[in-house]
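Accompanying notes for the structure given below.
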Amino acid sequence: MSINYASFILAIIAFVILYLLLNKYAFGPLFSVMEKRRELVMQQMNEASQTREQAVAYVEEQKQALEAARKEAYEIIEQSKKTSGKQADQLMAEAREEATRLKEEAVRDIANEKKKAVQELRDEVGAVSVKIASKLLEKEVSSDSAQEELVDKYLKEVGGRP
């Protein structure tokens, strides 16, 4: 096997010319397109990273807002419990005061009615006493036993003695 140096040198010259032509017309634009593509991919990766960071920040912000809303709701519930407890205590105090007032009024009314009844009884007893005295004077009984019988009789009439 013999090496043909002329075809070997011709192949190397053709390869170098092809390389120079490809480098000038094909590799330059191809590498330029590849570089633009790489820059585009890097830009998209950076944007995705920023978007992910924004999403994480947004999720954290939403968690904080939700926690704040929960705390506020709990505080509102606690305030409502306190307010309702105060209102219940206030209503109970008012009810007690009203019951005490009604009881005092009832006691006063009973005392007034008792006084009226006692006064009426005194007036009636006075009237009955006057009647008895007038009857006694009318009849003029001579003996003490007859007077006692007459008094007993009149007292039975007015409901005094049995």
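Taking the chain as a Gaussian network of alpha-carbon nodes connected by springs under 10 Å, the highest mean-square fluctuation of the residues Glu97, Glu75, Glu149 belongs to Glu149. The HN-Hα couplings worked out from phi for the stretch 75-86 by the Karplus form 6.51 cos²θ - 1.76 cosθ + 1.60 (θ = phi - 60°) are 5, 5, 5, 4, 4, 5, 4, 4, 4, 5, x, 4 Hz, whole numbers, x standing for Gly and Pro.
Name the residue farthest towards the positive end of the dipole of the chain from the options Ser2, Val158, Ala65, assuming +1 on Cβ of Lys and Arg, -1 on Cβ of Asp and Glu, about the Cα centre. Farthest towards the positive end: Ser2.
What net charge is computed for the residues neighbouring Thr83, neighbours being all others with C-beta under 15 Å from the C-beta of Thr83, Lys and Arg scored +1, Asp and Glu -1?
Values: positive: Lys81, Lys82, Lys86; negative: Glu75, Glu78, Asp89.
In short, 0.
Evaluating 6.51 cos²θ - 1.76 cosθ + 1.60 at θ = phi - 60° for every residue in the stretch 3-15, the Karplus couplings come out as 9, 8, 6, 5, 6, 5, 5, 5, 5, 5, 5, 5, 5 Hz, glycine and proline recorded as x.
To make sure I understand, if each residue's beta carbon is the centre and we count other beta carbons within 10 Å, what order do Val118, Val151 fall in, fewest to most? Walk me through the numbers before you get to the answer.
Details: Val118 10, Val151 17.
Result, fewest neighbours first: Val118, Val151.
Lys and Arg at +1, Asp and Glu at -1: add these up for the other residues within a Cβ distance under 14 Å of Ala95 and post the number. Mind dumping the intermediate values first?
Values: positive: Arg96, Arg101, Lys103; negative: Asp89, Glu94, Glu97, Glu98.
Net charge in that neighbourhood comes out at -1.
Taking all pairs of distinct Cα atoms, average 1/r, flip it, and tell me the Kirkwood hydrodynamic radius of the stretch 63-123 in Å to one decimal place.
Details: mean 1/r = 0.0628 Å⁻¹.
Over the stretch 63-123, the inverse of the mean reciprocal pair distance is 15.9 Å.
Taken about its Cα centre, the stretch 4-162 carries a charge dipole of roughly 1100 debye when the Cβ of each Lys and Arg holds +1 and the Cβ of each Asp and Glu holds -1. At full extension, Met45 and Ile77 could sit 6.8 nm farther apart than now, given 0.36 nm per residue minus the alpha carbon distance. Using a cut-off of 19 Å between Cα atoms, the listed pairs Lys131/Lys153; Lys135/Lys156; Lys116/Lys156 include Lys116/Lys156 as exceeding that distance.
Between Thr100 and Ala133, the modelled label-to-label distance comes to 4.9 nm, taking each label 7 Å out from Cα in the direction of the beta carbon.
Each value in this text was obtained by applying a stated rule to the coordinates, not by laboratory testing. Every value quoted in this text rests on a predicted model; they were computed, and no experiment measured them. When we count neighbours, we look across all protein chains shown, and the Cβ atoms used for this are built from the backbone with ideal geometry, even at glycine.
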